[in-house]
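The values are calculated or read from the model by the stated rules, or taken from the named source; none is laboratory data. Model, not experiment: these values are computed from the prediction. Every residue, glycine among them, receives a Cβ derived from its backbone with ideal geometry; neighbour counts consider all protein chains shown.
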Amino acid sequence: MARPKLPLHPAARIFALCGLVTATMALALPSAPAGASSRGTQGPFTTVPLRSNVTSLSRGLAAAKRNINVTNKPGPQSETTIAIDPTNSSHMLATANDLGAPSGASVFVYETLDRGRTWTDAGFNAGTGFCYDPWLAFNGNGDAFLSYECSDQRISFRKVGQTTWTNSIIVTSSFFPDRDNVATDNSPTSSFKGSVYVGYDEANQNNAAHVIYSGNGFGSWTKSPKINDTGATIGVNAAVAPDGTVYASWEDWGAKKIFVDKSTNGGTTWGTDHVVTNFRINTASFFISIPPQNSRGVLPMPFTTVIQNGAHAGRLIETYFDKAVATTNTNAYVRYSDDGGVTWSSEIQVNDDTVNAYHFHTAISQLSNGTLVYSFYDTRNDQPANKKTDRYVSFSTDGGATWSANLKVTTAQSDETKAGSDFGNQYGDYQGSSGGGTFAQLVWTDSRTGTMNEDTFVAAVRP
Ligand SMILES: [Ca+2]
Ligand SMILES: [Ca+2]
Ligand SMILES: [Ca+2]
């Protein structure tokens with residue numbers, strides 16, 4: 001879910017809250033391209049040598065077992081995240097919105113102990129209120145954290161060895177927190193190791209960006225001062241560097257920019273915002289209608305990480321999608337910074353299709369050696385309609401400068417535009433990804449099983 005502050009975009013807020021589409025935002029195409037686009041090549045890369053999940057390492061193999069249905073239950077589950085336990089990479093948690101569940105609960109957490117082959121309910125229970133925007137992370141001990149919202153901002157934790165979750169409200173509904181994500185500091189070289197950060201915006205405070213932080217994630221939460229210097233934010237992503245610097249990145253839809261700021265004292269104080277990118281797409285409309293997500297629209301929010309190991313440790317990575325420079329479709333892009341977000345690389349295009357395809361819902365994670373794993377929805381296999389999607393992935397072993405040939409992850413297409421689909425939410429606002437030692441687990445909203453039955457799917461990938 002994502003809600004801009006009223007009264008700027010009341011229609012968007014209504015359909016985010018109620019699942020009703022009251023307006024279709026037109027895709028506007030600004031005339032002034034910003035920044036050069038380039039794409040390098042690496043590869044070839046392959047999918048997933050995971051025990052019985054696959055039978056071959058051949059690239060492009062139609063291995064039906066490679067895509068696993070996590071939720072596999074009636075009703076639409078959309079907006080997905082996943083986290084791999086750093087103490088045991090066969091252990092993972094995944095979550096999604098589940099706004100039509102008969103029980104009235106709307107966030108469920110799923111757990112696997114066999115590296116994603118089978119999934120069970122992880123025992124999380126937020127009651128029957130309307131909750132949304134779940135995000136997951138583990139700390140270095142294997143304690144699990146779930147950030148989510150129920151008009152207020154909540155955090156839930158489950159310590160290693162426990163079977164029950166402890167839920168807390170950390171920002172009240174008077175601020176209307178939105179589009180949170182939780183990040184953990186697991187770096188042995190950080191003086192804030194063990195800290196837990198939740199980035200979010202306050203819709204009732206002109207969408208002010210904040211990070212709320214705790215030294216261990218189990219209590220004593222402190223809200224940062226307002227981080228953004230100007231404008232209104234959506235999609236406040238927190239990411240932690242090996243030295244404990246915490247970055248907050250967000251979309252300023254009115255200014256049509258992505259901004260970043262950082263804190264070097266555990267979230268207490270923040271500095272001057274820096275521009276990561278200037279959008280060509282008209283983000284001022286908030287939700288942007290594109291052919292594969294025409295009714296809900298999409299938000300080109302940044303999804304970020306800081307490289308933890310290898311030659312580019314400390315490099316800040318920002319992924320997002322934007323309108324192509326010369327054509328009317330969108331592309332998946334990355335920029336990186338080696339000086340704490342002050343200056344940025346040129347814009348690097350990651351999708352390698354040669355057609356007029358759309359790309360959206362970027363997700364980024366990394367392997368233990370610092371290899372980046374970038375996934376996104378892609379309509380290249382539905383030309384010229386651009387309605388059906390596949391999920392694609394690309395890898396970078398040089399800190400984001402060049403990217404491998406794109407690999408199709410999905411073994412069936414999804415179409416959230418066909419009659420009877422969950423038009424209020426479609427794929428939702430984001431999908432997830434998590435890196436283990438030598439592989440990453442991707443998660444996405446998938447409608448291959450039928451309309452109003454969207455499920456959460458996962459697949460493991462590795463270079
Ligand atoms: Ca600032
Ligand atoms: Ca494109
Ligand atoms: Ca379903």
message: Take the residues in the range 367-392 that are more than 17 Å from Glu416 (Cα to Cα) and surrounded by fewer than 24 Cβ atoms within 10 Å (Cβ to Cβ); name whichever of them is nearest to ligand 3 (Cβ to nearest atom).
response: Leu367
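Anything in the range 175-192 that is in a loop (DSSP other than H, G, I, E, B) and of a type in the set (D, E, K, R)? List them, or say none. Walk me through it before giving the result.
At the first step, the residues of the range 175-192 found to be in a loop (DSSP other than H, G, I, E, B) are 176, 185-192.
Hit for the range 175-192 is Asp185, nothing else.
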- request: Answer yes or no: is there a residue in the range 282-290 that is away from ligand 2 (no atom under 16 Å from the Cβ), surrounded by fewer than 21 Cβ atoms within 10 Å (Cβ to Cβ), more than 30 Å from Asn381 (Cβ to Cβ) and among the aliphatic types (A, V, I, L, M).
  value: yes
Looking only at the range 318-334, and only at residues there that are among the charged types (D, E, K, R) and touching a residue at least 60 places away in the same chain (Cβ under 8 Å), the one that is surrounded by the fewest Cβ atoms within 10 Å (Cβ to Cβ): Lys323
query: Among the residues of the range 258-270, is any at pLDDT 95 or above, small (Gly, Ala, Ser) and in contact with an Asp or Glu (Cβ under 6 Å, 6 or more places away or on another chain)?
result: no
query: How about the range 258-298: which of its residues are within 18 Å of the chain's Cα centre (by Cα) and among the basic types (Lys, Arg)?
result: Arg296
message: Checking Thr163 against (1) at pLDDT 95 or above; (2) out of contact with any helix residue (DSSP H, G or I) (no Cβ under 7 Å at 6 or more places or on another chain); (3) not basic (Lys, Arg), only one condition comes out false. Which one?
response: (1)
field: Cross-chain or 6+ apart pairs with Cβ under 7 Å, the range 256-277 first and assigned to a loop (DSSP other than H, G, I, E, B), then within 16 Å of ligand 2 (Cβ to nearest atom) and not aliphatic (A, V, I, L, M)
entry: Lys256/Phe279
query: Taking the range 299-345, which residues are farther than 19 Å from Asn406 by Cα, among the β-branched types (Val, Ile, Thr) and under 19 Å from the mean Cα position of the chain (by Cα)?
result: Thr304, Thr305, Val306, Ile307
query: Checking Val196 against (1) in contact (Cβ under 8 Å) with a residue 60 or more places away in the chain; (2) under 29 Å from His312 (Cα atoms); (3) crowded, with 23+ Cβ neighbours inside 10 Å, which single condition isn't satisfied?
result: (1)
field: Per-region count, the range 433-461, residues touching a strand residue (DSSP E or B) at 6+ places or on another chain (Cβ under 8 Å) and within 16 Å of Thr389 (Cα to Cα)
entry: 14
- prompt: So Ser168 fits all but one of (1) farther than 25 Å from Gly314 by Cβ; (2) crowded, with 21+ Cβ neighbours inside 10 Å; what number is the exception?
  reply: (2)
task: May I ask you to verify whether Gly340 is among the small types (Gly, Ala, Ser) and either within 16 Å of ligand 1 (Cβ to nearest atom) or assigned to a strand (DSSP E or B) (or both)?
output: yes
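From the list Thr402, Thr411, Thr451, which residue is surrounded by fewer than 21 Cβ atoms within 10 Å (Cβ to Cβ), of a type in the set (Ser, Thr, Tyr) and without any contact (Cβ under 8 Å) to a residue 40 or more places away in the chain? Break it down stepwise before answering.
Details: Thr402 fails: without any contact (Cβ under 8 Å) to a residue 40 or more places away in the chain; Thr411 fails: without any contact (Cβ under 8 Å) to a residue 40 or more places away in the chain.
That would be Thr451, the only listed residue that is surrounded by fewer than 21 Cβ atoms within 10 Å (Cβ to Cβ), of a type in the set (Ser, Thr, Tyr) and without any contact (Cβ under 8 Å) to a residue 40 or more places away in the chain.
Considering each of Phe124, Phe130, Phe145 in turn, give the residue that is within 23 Å of Ser249 (Cβ to Cβ) and among the aromatic types (Phe, Trp, Tyr).
On the way: Phe124 fails: within 23 Å of Ser249 (Cβ to Cβ); Phe130 fails: within 23 Å of Ser249 (Cβ to Cβ).
Going through Phe124, Phe130, Phe145 in turn, the sole match is Phe145.
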query: Within the range 224-255, can you find the residues that are part of a loop (DSSP other than H, G, I, E, B), within 19 Å of Val342 (Cβ to Cβ) and either among the aromatic types (Phe, Trp, Tyr) or touching a helix residue (DSSP H, G or I) at 6+ places or on another chain (Cβ under 8 Å) (or both)?
result: none
